[in-house]
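Encoded as structure tokens, the structure appears first; notes follow it.
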Amino acid sequence: MSTEAGSAFIATLKRDLLLAGRHPGDWINPLVFFLIAITLVPLGVGPESELLAVLAPGILWVMALLATLLSLDGLFRSDFDDGALEQCLVSPSLLYLTVLAKVLAHWLVTGLPLTLMSPLLGLMLALPEGGYGVLCLSLMIGTVTMSLIGSVGAALTVSLRRGGLLLSLIVMPLYVPVLIFGASAVNDAALGNQVGVALAVLGTFGAMAAVLAPFAAAAALRICVDSY
């Protein structure tokens, strides 16, 4: 990475984090949804700790997926509305790095707080003691992967005024493998089984997404902006 490209990456990251600080509702809403949804589960299925312990890995992962999905529509929306996205497309810096910086900022204000909240909510769902470390690790990998995959859907729907439903339809099928192996890793850890395979597959998905998703998102942004 050249010095100019690195500077552009850091500048984009700082800008997005600053904008997130000025609009706290954009990243607080997913966290509040995650908290409320998990809190309602014991009220709906009953307070029995044995039942909650069985359901906890799947519930935590599904709710984290939905919370991440809530925040994806705004990933490129503000830049598209104010014309900053067009400047990114014509700037000499690599659009790949711009997309990667925006995804990293999205994860820092959404995925990372979800990961840090998860042990407390796991305690609420009576998650067995052995599952907490793997829960945090799997969600850290999984939320990064979901932000990367979600950037492609956000780029494809950036020019649509109400593209939230279409965005969900695009990315949800791609989230399924991440959900399966993430929840499986936490469940295996809670039962005392080996989790290496599930975490390795989850990490593979994350590595593939880190390489491919920014390219796909950059191409989608060019197509959407040029055709708007």
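The values are calculated or read from the model by the stated rules, or taken from the named source; none is laboratory data. Model, not experiment: these values are computed from the prediction. Here the Cβ is made from the backbone with ideal geometry for all residues, glycine too, and neighbour counts use every protein chain on show. Calculation scope for accessible area: heavy atoms of the full protein, side chains included, ligands and nucleic acids excluded. Shrake-Rupley method; radii C 1.70, N 1.55, O 1.52, S 1.80 Å.
Below are the figures for this structure:
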{"item": "Residue 210/residue 169 FRET efficiency (R0 22 Å; Cβ-Cβ; nearest 0.05)", "result": "0.40"}
{"item": "With DNA, RNA and ligands ignored, accessible area of residue 82 (1.4 Å probe; Å², nearest 10)", "result": "100"}
{"item": "Cα long-axis angle, helix 132-156 against the chain (0 to 90 degrees, to the nearest 10)", "result": "30"}
{"item": "Cα long-axis angle, helix 95-106 against the chain (0 to 90 degrees, to the nearest 10)", "result": "40"}
{"item": "Additional length obtainable on full extension of the chain from residue 78 to residue 124, 0.36 nm per residue less Cα span", "result": "13.0 nm"}
{"item": "Extension gain (nm, one decimal) between residue 7 and residue 160, 0.36 nm per residue minus Cα-Cα", "result": "52.0 nm"}
{"item": "Distance from segment 100-152 to segment 170-228 (C-alpha centre basis), Å", "result": "12"}
{"item": "Probe 1.4 Å - accessible area at residue 223, Å² to nearest ten", "result": "110"}
{"item": "Between 0 and 90°, nearest 10: helix 49-72 axis offset from the chain longest Cα axis", "result": "10"}
